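A short write-up of the structure that comes next.
The values are calculated or read from the model by the stated rules, or taken from the named source; none is laboratory data. If you're wondering where the values come from, they're calculated on a predicted model, not measured in any experiment. With ideal geometry, Cβ positions are generated from the backbone for all residues, glycine too; neighbour counts draw on all protein chains shown.
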Amino acid sequence: MNSFTIKNCVLIILLFFLSSSAIAQFSADMVTTNGDITQTNKFYSEKPYYRMDMEEGGEQMFVVVNTEANITQVFMPSQQMYMEMKSDDIQSTSNDVFQSLEEQKKKYETKLVGKEYVNGYECEVYEVLADGSPVTTYWQSAEIEYPIKVVTGQNKDMIMELKNIEKGDVDNALFEVPAGYTKMDMQGMMQMK
């Protein structure tokens, strides 16, 4: 009887670790609406990294964030260059809804206001309050460990949603500096001005 209990405990622990390690690996469409402009980009997650592929001003680019190291890298494939900065840097938080949300949560009160399903995932709904007024609402999924939806902006006109979520292995190479890329010297560029 004792070995039966030990085997069950080991099995439960093994299942927990297997399920929790697979949860944080997924790809999705990141759909962002800002006013009347909607843009769809790819999003990849493999904790502690995530990557956003996007287009800005006709240029393809991708951003890799290491949440443990607090580092954001912005890659420009057409120039084979990349920039690196702290994830809580103003340049990073103003262009990354996830880092912006993390900074808001550090500065302001966060309040659980309910539960809803969004894009097939059960989410807890939170409001970030500044002086008692909501500035951001987000739908946090415990299953994939990310907000599925974020609504922010003065008129609540900036909406980000993760859609078409596909759980499973994500290629580690997506989070590495590609061969042949040169790191831009941000300090040198600032001193030249």
Please report, ordered by residue number, the strands (runs of 3 or more DSSP E) entirely within the range 96-169 with at least 3 residues that are free of Cβ contacts under 8 Å to residues at least 60 places away in the same chain and more than 21 Å from residue 66 (Cβ to Cβ). 109-118, 121-130, 133-141, 146-152
In the range 67-80, how many residues are closer than 16 Å to residue 178 by Cβ and either surrounded by 15 or more Cβ atoms within 10 Å (Cβ to Cβ) or not hydroxyl-bearing (Ser, Thr, Tyr) (or both)? 7
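Here's the yes/no breakdown for (1) more than 18 Å from the chain's Cα centre (by Cα); (2) exposed (fewer than 13 other Cβ atoms within 10 Å of the Cβ); (3) more than 20 Å from residue 155 (Cβ to Cβ); (4) modelled with pLDDT of 90 or more:
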position	(1), (2), (3), (4)
96	no, no, yes, no
100	no, no, no, no
104	no, no, no, yes
118	no, no, yes, yes
122	no, no, yes, yes
Given the condition under 19 Å from residue 157 (Cβ atoms), out of contact with any Gly (no Cβ under 8 Å at 6 or more places or on another chain) and modelled with pLDDT of 95 or more, answer yes or no: does some residue in the range 47-61 qualify? no
Out of the residues in the range 131-155 that are exposed (fewer than 15 other Cβ atoms within 10 Å of the Cβ) and out of contact with any helix residue (DSSP H, G or I) (no Cβ under 8 Å at 6 or more places or on another chain), state the one that is nearest to residue 85 (Cα to Cα). 153
Residue satisfying condition, being at pLDDT 95 or above and more than 21 Å from residue 38 (Cα to Cα), within set 150, 113: 113
Could you run through the range 20-79 and say how many residues are within 24 Å of residue 166 (Cα to Cα), polar (S, T, N, Q), touching a residue at least 12 places away in the same chain (Cβ under 8 Å) and not in a strand (DSSP E or B)? 2
